[in-house]
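The values are calculated or read from the model by the stated rules, or taken from the named source; none is laboratory data. Since we're looking at a predicted model, the values are computed, not measured. In this analysis, Cβ positions are derived from the backbone assuming ideal geometry, glycine residues included, and neighbour counts consider all displayed protein chains. Ligands, DNA and RNA are excluded from the accessible area calculation, which covers all protein heavy atoms including side chains. Shrake-Rupley method; radii C 1.70, N 1.55, O 1.52, S 1.80 Å.
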Amino acid sequence: MLILASASPRRRELMELVGVPFSVEAANLNEELLPHESAAVYVQRLAEEKAHAVWALRKDADAEDDPLMVLGADTSVVCDGTILGKPANAADARRMLAMLSGRTHVVLTGLAAVTRKGVARAVEVTHVTFNVVTDAEIAAYVAGGEPLDKAGAYAIQGGAARWIPRIEGCYFNVVGLPVARTVALLAEARAGLGSRD
């Protein structure tokens with residue numbers, strides 16, 4: 001039994017590519033950055049906290065013949081060491097996109113697969129290069145609403161695609177779930193190879 005601990009519709013769509021049955025249950029957590037916490041540590045911590053929160057709620061469903069596994073994931077966009085989460089409003093989205101314009105930034109996704117045997121963990125990293133984007137282009141994109149619920153204020157699979165000439169790493173990671181890495185992590189968790197808690 002596999003549960004995806006995420007409310008993201010994009011993660012749900014990408015999990016369908018994995019080809020294993022799963023259900024969805026979002027974890028309601030405080031997602032604030034801790035003092036001096038790096039982006040990689042932050043996304044890994046949140047992925048684990050999400051997975052553990054749902055595991056605690058559903059652990060009674062764990063059975064020898066159908067072991068429970070909970071997958072948590074968290075994605076952040078990082079530019080110049082600054083973590084860009086979901087924008088607070090349209091002005092914040094414009095600020096983020098102006099910061100990304102003409103530069104290369106990093107997208108990190110933390111993954112955690114929790115079972116009764118422990119936790120398998122991973123962090124996927126993708127470098128994304130933006131063309132220079134004008135203020136008018138940014139304003140039009142933000143006015144369409146797409147960036148307002150996206151980390152870093154853009155969707156690579158949406159309107160922002162026209163500004164991204166190059167990525168280095170997993171495309172699906174930028175959408176919100178690195179599919180190949182997720183398949184490998186689930187296999188590791190199934191084999192009981194994750195680190196012990």
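So the values come out like this:
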{"quantity": "For the chain: relative contact order, % (alpha-carbon pairs under 8 angstrom, 6 or more apart)", "calculated": "23"}
{"quantity": "Helix 39-58 axis, angle to the chain major axis (alpha carbon atoms, nearest 10°)", "calculated": "40"}
{"quantity": "Per-selection Rg to Rh, the stretch 66-153 - Cα, Kirkwood hydrodynamic radius", "calculated": "1.13"}
{"quantity": "The stretch 1-115 shape via C-alpha gyration tensor axes, a/c threshold 1.5", "calculated": "prolate"}
{"quantity": "Between the stretch 106-133 and the stretch 46-82, the Cα center-to-center distance that results, in Å", "calculated": "13"}
{"quantity": "Student exercise, the stretch 95-197 dipole from Lys, Arg, Asp, Glu Cβ charges, in Debye to nearest 20", "calculated": "440"}
{"quantity": "Loop-located GluC sites (Glu not before Pro) in the stretch 26-107, at most 16 other Cβ atoms within 10 Å (DSSP)", "calculated": "Glu31, Glu32, Glu37, Glu64"}
{"quantity": "Distance-filtered residues of the stretch 29-71 - backbone nitrogen under 20 Å, label point 7 angstrom along Asp80 Cα→Cβ", "calculated": "36-40"}
{"quantity": "Area accessible to solvent at Met1, 1.4 Å probe radius, in Å²", "calculated": "90"}
{"quantity": "Residue-wise HN-Hα coupling along the stretch 163-170, computed from phi with Karplus coefficients 6.51, -1.76, 1.60 (Hz; x: Gly, Pro)", "calculated": "9, 10, x, 7, 10, 10, x, 7"}
{"quantity": "Around Ile156: net Lys/Arg minus Asp/Glu count, Cβ-Cβ under 12 Å", "calculated": "+3"}
{"quantity": "For the chain, size of Cβ-based charge dipole, Lys and Arg +1, Asp and Glu -1, in debye", "calculated": "300"}
{"quantity": "Options Gly85, Ser23, Met96, ranked by Cα towards positive dipole end of the stretch 1-151, top entry (Cβ charges)", "calculated": "Met96"}
{"quantity": "Given charges at beta-carbon only (K, R positive; D, E negative), |dipole| of the stretch 1-46 in Debye", "calculated": "100"}
